[in-house]
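One structure follows; several queries about it will come next.
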Amino acid sequence: MKKMATTVLAAALALGAQAAMADAEKSIEYRQSVFKVVKWHMDPLGGMARGMVEYDADKALHHARQLSALSHMPLEGFGPGTEGGDSKAEIWAKWDMFAGGMEKFQADSAALVAAAEVGTLEALRPAVGQLGQTCKGCHDSFRVPR
């Protein structure tokens, strides 16, 4: 009877570990997907800001609004036990600093919307640059170099 209880307990622990690993993998996949969509919207804005893509006020506003919405999404994919992917361990060791960077991403994205609402490239350009610097700062500190 004792051997059977031990076997059942071991099986339950193994299933629990598998579930935790699956949850961690889903979290990693989730946050990587969000960041891919962020890049999808940031690239045209960066192109406009650098003069490599023709400025289009309507498209700029669309991309800015999408980025602002997306800026609230990634943090939930960084829960305890979700280490891995392109994320450095420093995220969890310096959580307050990382979370502060995500808050800055949200604030800079909101500022980007306000700049895009002006409807000029001159207003958009510095806001795109600021958001780009915020993203770079986080990548430099918390993302494994590619």
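Look at region 81-122 and say how many of its residues are part of a helix (DSSP H, G or I), in contact with an Asp or Glu (Cβ under 9 Å, 6 or more places away or on another chain) and crowded, with 17+ Cβ neighbours inside 10 Å.
2
Answer yes or no: is there a residue in region 130-143 that is part of a helix (DSSP H, G or I), of a type in the set (Val, Ile, Thr) and at pLDDT 95 or above.
The answer is yes; a qualifying residue exists.
If you don't mind, there's one more thing I want to ask. Name the residue that is modelled with the lowest pLDDT, counting only residues in region 55-80 that are more than 19 Å from PRO126 (Cβ to Cβ) and open to solvent by 80 Å² or more (accessible area, probe 1.4 Å).
For region 55-80, the residue satisfying everything is PRO80.
Another one. Give me a count of the residues in region 101-126 that are more than 18 Å from the chain's Cα centre (by Cα) and either modelled with pLDDT under 95 or not hydrophobic (A, V, I, L, M, F, W, C) (or both).
Qualifying residue count for the region: 6.
May I ask you to list pairs of residues, at least six apart or on different chains, whose Cβ atoms are under 6 Å apart, with the first in region 100-119 being over 19 Å from ALA49 (Cα atoms) and the second being surrounded by 15 or more Cβ atoms within 10 Å (Cβ to Cβ) and at pLDDT 95 or above?
Once the first residue is over 19 Å from ALA49 (Cα atoms) and sits in region 100-119, its partners that are surrounded by 15 or more Cβ atoms within 10 Å (Cβ to Cβ) and at pLDDT 95 or above give GLY101/CYS138; MET102/LEU75; LYS104/THR134; GLN106/SER71.
Still on this structure, please answer the following. Would you check if ALA10 is open to solvent by less than 60 Å² (accessible area, probe 1.4 Å), in a helix (DSSP H, G or I) and modelled with pLDDT under 95?
Judged against the criteria, ALA10 is a match.
Considering each of GLU103, GLU122 in turn, give the residue that is out of contact with any helix residue (DSSP H, G or I) (no Cβ under 8 Å at 6 or more places or on another chain) and under 21 Å from PHE142 (Cβ atoms).
Residue meeting the stated conditions: GLU103.
The values are calculated or read from the model by the stated rules, or taken from the named source; none is laboratory data. In this text, all values refer to a predicted model and were calculated from it rather than measured experimentally. With ideal geometry, Cβ positions are generated from the backbone for all residues, glycine too; neighbour counts draw on all protein chains shown. Note: accessible area is taken over every heavy atom of the protein model, side chains too, but ligands, DNA and RNA are not part of it. Shrake-Rupley method; radii C 1.70, N 1.55, O 1.52, S 1.80 Å.
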